[in-house]
Every structure is written in structure tokens, then in C-alpha cells.
Amino acid sequence: MTSASLPWFARHELRLAWRDIVQMLSGGQTRRERSLLIGAVVFAALLHWLAYIVLSRFLIGADLTSKATLITLTASILLTFSMMLSQAVEQVTRAFYARSDLDLILSSPASSRNLFAVRIVSIAITGAIMTAAMIAPAINAAAWIAGPRWLSAYAVIAGLSAVSTGLAILVTLGLFRIAGAQKTRFIAQIIAAVVGAALLIGLQVAAVFAYGRLSRFSVLNSDAVSRAAPALDSFFWMPARAVLGDVNAAIVLVLGGVVFLAAVIAFFGPQFGSNAIAASGANAEQRDNKAFHNAFRAVTRVGALRRKELILLARDPWLLSQTLMQILYLLPPALLLWRDMGTDTNGPVILAPVLVMAFGQLAGGLSWLTISGEDAPDLIATAPIDKAAAIRAKIEAVLMIIACVAAPFVVGMAFLSYSGALATASAVAAASISAVVIQLWFKSTARRTQFRRRQTATKIATFSEAFSSVFWAAAAGLAAATSWFALAFVLAALTTLWLTWLIKPQGEGETKPARSLRPV
């Protein structure tokens, strides 16, 4: 195998991908791999059992050739494809901007075209594997209930992944040509977030205005959609028929996707290296442009550190794509709030859990960035400010952002119900503070560029944060409905925090950072 050849790059990327998977599953601690594997098997079995219970009510005796079934399947395929395209746009953009070993390879005699061809194919394969892993319980349960023909859905996923990756390349290269290297990363993040959420949000918005509810199935099962849908023999239903076991349709989708991706790589391959070099120059130019001069203003040391955290969050190159989708998912609840302003007493019961979950997850991500994601920990450690004041400034920066984003929703909800607004505001504050506290207990030292892998530091913090948000969201919904059962979920959230406190690391309260096997 010749060095720097296409097979050599493929072997190199495969080795790095395998190390990344092991690191993400074990958090860099190889002694936990066996226990994590057992836990993953048990969790997968539980998901399959739940999928079987849910799908058995719909698939047993169902007419799989009806238009209603084809509409539901096609909508599910489009939702899956939109999420895959969103992920592919972000990953392809990262391939051009994330330096890692790219600078070394670009400065070597090796062909950058081979490198990017392998990495783009790996993006397509990874996207297909991740999507298949998430949908596998539903596919396998459907195959067990209604026959093995449902297994052809895996072939559909492979074809969709190839098409989404090819489209992501076209989008990224188009942005390089139209907007330039300096703005491509920013615009690509917006496109990724909007594409990933657009279809689901669109269905929910239609459900809000047409039926006064957030369920997308209200739209899909409506007579209007059924009348507007094509005839049963239309080519439009080919992806759905491929999922239902049509071998010819599945082969067409897979081969079409592979040919499309191969054609894009072959035709646009010569542009990959030049765009990567342009992205590197854009990074340097942006750093130079940041060196502006403002008039000196006297502020306290805590105020200066708080301002520094807010500026870093605003400058973070990848934070937008990580948080914008969470904010976009708040649009349907906001529209429901606006539509039912002052008329629907059930509005707060629906909106409160959604808002609390969204802001709880947003607070967790921002907390990690400010508390653990420090690019210059030595500089902060030697600054003339004690550790407690520095942590307080970081926490204040996070809570200020959460308060500014949540305030309009809480004020709008007050027009529906004062008690619902109070319950939502209290639960958002509690969920945000819980996420901050958990991040403090499991504080680790890592670079901000490792934000995507923050869950690998410890699975305990990840699950504790998720369960805490769920319990506070349930408490908010029940409190908005003036139910005393809300106290039970408040107790569950507090119990989660107590158990997390019992098993938190001792001493300095910092966990070991996960090993970075591939520089970011």
C-alpha cells in the first residue's frame, strides 16, 4: 500500500474513526469499555421492546398500501433526510475549517483530493451508521411484526446519506464561491440549523394554525393533505415503497445516491484543497480583524471576566449551529402562544414543558463552554481574582443569556395565565441552575473546540442533566395545570441532583478530560 494513496488515506481515516468511537463511548477510559458495551446492549434491548409495544398497535392488520400509510412514511423519510442533510452540511464545512492534521497534509506532496475524497465518503458512511443506529429499534420491531421487508429501510438510509452528503458538498462549495471563505462557516451553520428543523417546524406551525395543537400528525392525517397527495402509482412514493420492501425501488435509491456522491467528488475534487487553504486564510484574517481598540472603561475584575465570557460565547465559531436549532424549535410553541393569547387555558400546560426542556439543554451547553471549555486556564488561574469570583462570573454570564432569551416567552405566557408564567419561569430557572451545578460538580479542563464531545467527559453528568431537565419540565407542565402532582416531579428533580452530588468526583471536583485522539 503506497503512502498517501487513496487506500492509505482510507486506512488512516478508518483508524482515527475507530479511535474516536471508542473514546466517545468510554470517555477515554478503556477499562470501562466492557461495562459500557453491556449497558449499551441492555439499553438497545429496552428501546426495541418499547418500539415493539408502540408499533404493534399500528402495524398489526394495517393496510400498508394505503395513501395514509404512504404519506406518513414519506413525511418520516423527509424528516430523516432533513436531519441527515443538516448534519452533513456541518460536517463537510468542518472538514474545510478544522485544521487538525490538514495543514500538515496540505503542505506535503500528498494529494489533497484523495484526502478529501476519503473524508467525505467517511462523512456519508458515518451519517448512515448514526441514523441507522437511532432508527434501528423501530425498523427491527417493524420487521418482527410485519415481516423482514421492513429491513430494506437500512438501504434507504444508505442512499439518503449519500445524497445528503453530495448536496452538502454543493452547498459548501457554493458558499465559498458566493460568500467567500470568511463568511461560509457562519452561513453554513445557519443553513444546517434551518434545514434540520424546517420541515418539522413547518408541520408543527401548520398544525398550530389549522388545529390549535403541536402534533404534526394532525396535518399528515388530514383530508386536505390526502386530497393534495399524488396518486398511488406516482413516482413520488418510491422512497416509501422502498421502505416497505420494494427491492427495485431500494436498489434505485442506493445506486442513485452512490453515483451522485461519486460524481460530485470527481467533478469538484480539484476545488477541495484550494478551499481548505482559503478557509485557513479566513481564520487568520478573522483573528487579525478582532484586534480592535475600544475606549478604556473602568470595570470590576468580576465584571471584566463576565464580559470576557459573553464575548467568547459570541465569537465561538461553532456555537451557532449547536444552539440555533434549539432556539428554532421554540418557534412553534411561540406561535401557539401568540395564536391562543388570552383564549386557551390549556396553552401553558403545553408550552411550559417544551420551554423548560429547551432552556435546560441550552443552559447545559453554555455552562460547559464557560466552566469547562477554557482555552487559557493558566491565564485565568494566575489572574488577580479568586477562584470563587471567577466561577461566579462564568455562571452569571450563562444565566444572563438564558434570562434574556426566556423573558419574551414568559412575558407572553403571562397573558394566558399568571400561574403558568410563574411556573414556567421558576422551572426554567431551576433547570438552568441544575445544569450549571452539575457542570460545576463534573468540571473538566478542555478546549472550547471539543464542545461536540462534552458528553464524553462523564456519562453521569450527561444523564443527570437530561433527567433533571425532564423532571423540571414535567413539574412545570403540571404546575401550569394547577396539579399538586408537580411536587412529585420537583422531588424527583431534587433527588436526581442529590444522587449526582453523592457520586460526583471528590477533591477539586474536576473530572479528567477525555483524551483528544484527533486534534480539533
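The values are calculated or read from the model by the stated rules, or taken from the named source; none is laboratory data. Values in this document were obtained by computation on a predicted structure and should not be read as measured data. A quick note on method: Cβ atoms are made from the backbone with ideal geometry, for glycine too, and the neighbour counts reach across all protein chains shown. All accessible areas refer to the heavy atoms of the entire protein, side chains included, with ligands and DNA or RNA removed. Shrake-Rupley method; radii C 1.70, N 1.55, O 1.52, S 1.80 Å.
Placing R0 at 30 angstrom, the Cβ-Cβ distance between W498 and I135 gives a FRET efficiency of 0.25 after rounding to 0.05. Remark: accessible surface ordering of F267, F489, F186 (largest first) is F267, F186, F489, probe radius 1.4 Å.
Per-residue SASA remark: M357, around 70 Å² accessible (1.4 Å probe; ligands, DNA and RNA not included). Full extension of the chain between F43 and F236 gives 65.9 nm of extra length, using 0.36 nm per residue less the Cα-Cα distance. When peptides 426-437, 133-144, 462-473, 392-403 are ranked by their average number of other Cβ atoms within 10 Å per residue, the highest-first order is 426-437, 462-473, 392-403, 133-144. If the chain linking A414 and L487 were pulled fully straight, counting 0.36 nm for each residue of separation and taking away their Cα-Cα distance, it would gain 24.1 nm.
Placing a label point 7 Å from the Cα of S222 along the Cα-to-Cβ line, no residue of segment 65-93 has its backbone N under 14 Å from it. For A262 and A407, what is the calculated FRET efficiency with R₀ set at 45 Å and r taken between the beta-carbons, to the nearest 0.05? Using R0 = 45 Å, I get an efficiency of 0.35.
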